[in-house]
1. Being surrounded by 24 or more Cβ atoms within 10 Å (Cβ to Cβ), touching a residue at least 24 places away in the same chain (Cβ under 8 Å) and touching a Lys or Arg at 6+ places or on another chain (Cβ under 8 Å) is true for just one of Thr56, Thr47. Which residue is that?
2. Would region 184-197 turn up any residue that is buried (at least 22 other Cβ atoms within 10 Å of the Cβ), touching a residue at least 24 places away in the same chain (Cβ under 8 Å) and assigned to a helix (DSSP H, G or I)?
3. Hey, can you tell me all the residues within region 107-140 that are in contact (Cβ under 8 Å) with a residue 60 or more places away in the chain, surrounded by 14 or more Cβ atoms within 10 Å (Cβ to Cβ) and among the small types (Gly, Ala, Ser)?
4. Output the number of residues of region 120-159 satisfying the condition of being of a type outside the set (A, V, I, L, M, F, W, C), within 21 Å of Ile44 (Cβ to Cβ) and assigned to a helix (DSSP H, G or I).
5. Just to verify a result, which residue in region 251-284, among those that are of a type in the set (Ser, Thr, Tyr) and farther than 30 Å from Ala209 by Cβ, is modelled with the lowest pLDDT?
6. Given the criterion within 21 Å of Tyr42 (Cβ to Cβ) and touching a strand residue (DSSP E or B) at 6+ places or on another chain (Cβ under 9 Å), identify the matching residue among Tyr72, Tyr76.
7. Can you tell me which residue is surrounded by the most Cβ atoms within 10 Å (Cβ to Cβ) among those in region 205-234 that are of a type in the set (Val, Ile, Thr) and over 21 Å from Met170 (Cα atoms)?
8. Out of all the residues in region 205-249, which are closer than 20 Å to Ala120 by Cα and outside any helix (DSSP H, G or I)?
Amino acid sequence: MNPAVRYGAIGFGVLALGAGVFFAPAYLNAYLMYLLTWIAIYAIAGTGLTVLMGWTGQIALAHAGLFGVGAYATAYLAGHGWPWPLAALTSSTASAGLGALVGLPAARLRGFYLAIATLAFGELLHQAFVQLTPLSRGPQGMAVVPIQLDGIDTPSLVWYLAMVILAAVMVTLTALGRSRIGRCLKAVRDIEPATGSLGISAMRYKLLAFAISAFLAGLAGAVFGQLITFLTPDLFDLPLLVIFLVQLFVGGVNRLSGALIGAIFVIAVRELLQSHVVSSLVPALVGSGQTLAFGLTLILVVRYLPSGLASLPARLRSRRPRPATLSPME
């Protein structure tokens, strides 16, 4: 395809998508817009795991806790008079600092041991949400002060906020992945023993990946608080971590688009499992049974589709029969 035609088509697609996002609140019902906003939030958080686990090859099981840090800290600061953008940025930066702290053991720990260390840190954060009642209100929960802007209702404002942040994150990380930093992050995953001879500090890039991942988790958590308007510690427990892992591997651990595809998958499956038909036919899939269903999904995907749904187009193209060609002798 002619490059001018291709870029023109891309530009037209971007404008059409932007127009769709802008006018969506006028045409979508409230519940559908709520679900699509939730998908965008999970996609933002999922891109952080893509950077850390997909690009850098590090195991991270504290993502749900860092997601909660962004939600709680933003709600607390906004409730004490901070402008929401400043509260969200501060909270996300704090999450990034905690993420770098989690990454420190990565210098010495590998595999199972790193997984246990990050899982323990995530559980520590969850217990902080429960025990630090002056900050989080503990099990009683914390109400979130809604953001307001003249002329726009809060659900539409949260929709625009989530979509703009998701678009900015996707563009930024796409550029980052093609830059020297992105190549160094992937070198840590692929050839870590040789990075020293290439002048690449594996430790530095591991910490950077943990910080980026945690920042995006905190930012997604800040928007999540606005979506659900009331925070309780059980929202950021082990089931959320399972959902994030299913999202990552179902969508495609190495691809940014996989974060979005995986988010669509987990929200669609969750809604299906909560539907009246499924709940009446298979009561075990209601409530805690959903975590079991997601866990089984994760096992099956890792076994039969390790590259995720995002890899399907490439796999289908590779299996398409190629036209026969005649050699010069024939």
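1. Working: Thr47 fails: touching a Lys or Arg at 6+ places or on another chain (Cβ under 8 Å).
One residue alone meets the criteria, Thr56.
2. Among the residues of region 184-197, at least one is buried (at least 22 other Cβ atoms within 10 Å of the Cβ), touching a residue at least 24 places away in the same chain (Cβ under 8 Å) and assigned to a helix (DSSP H, G or I), which makes the answer yes.
3. Gly122, Ser136, Gly138 - these are the residues of region 107-140 that are in contact (Cβ under 8 Å) with a residue 60 or more places away in the chain, surrounded by 14 or more Cβ atoms within 10 Å (Cβ to Cβ) and among the small types (Gly, Ala, Ser).
4. 5
5. First, pick out the residues of region 251-284 that are of a type in the set (Ser, Thr, Tyr): 257, 275, 279-280.
From what's left, farther than 30 Å from Ala209 by Cβ: 275, 279-280.
Details: Ser275: 62, Ser279: 52, Ser280: 57.
Restricting to residues being of a type in the set (Ser, Thr, Tyr) and farther than 30 Å from Ala209 by Cβ, the top hit is Ser279.
6. On the way: Tyr76 fails: within 21 Å of Tyr42 (Cβ to Cβ).
Going through Tyr72, Tyr76 in turn, the sole match is Tyr72.
7. Thr232
8. Thr232, Asp237 - these are the residues of region 205-249 that are closer than 20 Å to Ala120 by Cα and outside any helix (DSSP H, G or I).
The values are calculated or read from the model by the stated rules, or taken from the named source; none is laboratory data. Source: prediction; values computed, not measured. We place every Cβ from the backbone using ideal geometry, glycine too, and count neighbours over all the protein chains shown.
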